[in-house]
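FYI, it's all coordinate maths here, none of it is from the lab. Note that the coordinates shown come from a computational prediction; the quantities given were computed from them, not determined experimentally. No Cβ is skipped: glycine too gets one built from the backbone with ideal geometry, and neighbour counts run over all protein chains shown.
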Amino acid sequence: MTTPGLAAGIDVGGTKILGVVVDAAGRTVAETRRPTPRGTPALIDDLVATADELVASVGAVDGIGVGVPGLITTAGTLRSSPNLPGIERLDVAGELATRLARPVAVGNDATCATLAEWQLGAGRGVDDLVLVTLGTGIGGGIVTGGRLVVGANGFAGEFGHMVVDPNGLRCPCGRRGCWERYASGSGISALARNDALAGGLSAVVERAGGDAALVRGEHVQAAALEGDVDALDVVDQFARWVAIGLANLTNAFDPAAFVLGGGLAVGADVFLEPIQRWFTATLYAPEHRPHPALTFATLGEHAGAIGAALLTR
């Protein structure tokens, strides 16, 4: 016998598909995961298999939602995604509805994470917030006046592709100087590797097994937590790039709060103070306005999948 109010949510990431079933109170009661396949037929097959597995684990669900990275229309079509190479103009909602013989709600993965953190996580009770996911790239979502904002086409929240340096680094999207080249997990890794390959960051390189080319953000974070001066300098550079984007978003949306999610959310102890300091230094008229609260996401890797389940409601 199934429990009323159950919904299944599936989050498609660049490396894994994570599925959950949540109850009416938002509690996760079932979970499954599998590697993200390559190519359209395999992706649809694995989404169907994940949905079937989730439904079988609880008996039945009231709805199924899916979060997918990239440009997702309000009708559930994936136009383009840097994390799913070779897949374009895929009617995810239509394909899954046909295969599963039921409607499927489909949205952007970061929008799903925003919905989850707003209703059940760090943004609970806040009517005006912006979520920014700092992972391999940068995504996000917007809540204004107590409503989730997806934009005219469903594409709102692609903050990672705000251009912060028109002559800057080449982005996988094909443009130069996108915010995510500097303020994502990939961005801090690149900052650190550049210093390491130039002969610096010895404590960080040690944590990468002695190979400067293998330095990543988590190695910087570990060294910074132990007070390594060089690692703290990289954190400070990175924090400034994060703050530049947050200041721009504040000028555009005037949120009451930011929720920072993605892989870097586990590093609040390292990143919070320098981000706040640079944010104040970058924001327009900081002495004449309330500053948005800066918090870190609480739902971790499950936010996208939980939010996908909430889409069905």
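General observations
- The separation of region 41-87 from region 109-136, counted between C-alpha centres, amounts to 20 Å.
- A crude spin-label estimate for the pair R27 and A293, with each label 7 Å from Cα along the Cβ direction, gives 2.5 nm.
- Percent RCO, i.e. relative contact order, over the chain, from Cα pairs under 8 Å lying at least 6 residues apart: 21 percent
- Estimated FRET transfer efficiency when R0 is 30 angstrom, pair V164-V58 (beta carbons, to 0.05): 0.10
- Computed over the chain, the percent of Cα pairs more than 33 Å apart is 26.
- D (Stokes-Einstein, µm²/s), Kirkwood Cα radius, region 207-313, 0.692 mPa s at 37 °C: 212 µm²/s
- Taking every DSSP bridge with both residues inside the chain, close to 60 percent are antiparallel.
- Total formal charge among the other residues, if their Cβ is under 11 angstrom from that of T312, Lys/Arg +1 and Asp/Glu -1: +1
- Residue list for region 118-133, given a label point 7 angstrom along the Cα-to-Cβ vector of R147 and an amide N cut-off under 16 Å: 127-129
- Mean Cα-pair separation over length for region 14-97, i.e. relative contact order, pairs under 8 Å, 6 or more apart, %: 23 percent
- Debye, to nearest 20: dipole size of the chain, +1 on Lys, Arg Cβ, -1 on Asp, Glu Cβ: 700 debye
- Beta bridges from DSSP with both residues in region 2-133: antiparallel share about 65 percent, rounded to the nearest 5.
- Hydrodynamic radius (Kirkwood) for region 142-192, which is based on Cα pairs only, to one decimal in Å: 12.2 Å
- Averaging the sequence gap over all C-alpha pairs within less than 8 Å and six or more residues apart, then dividing by the number of residues, gives region 125-297 a relative contact order of 22 percent.
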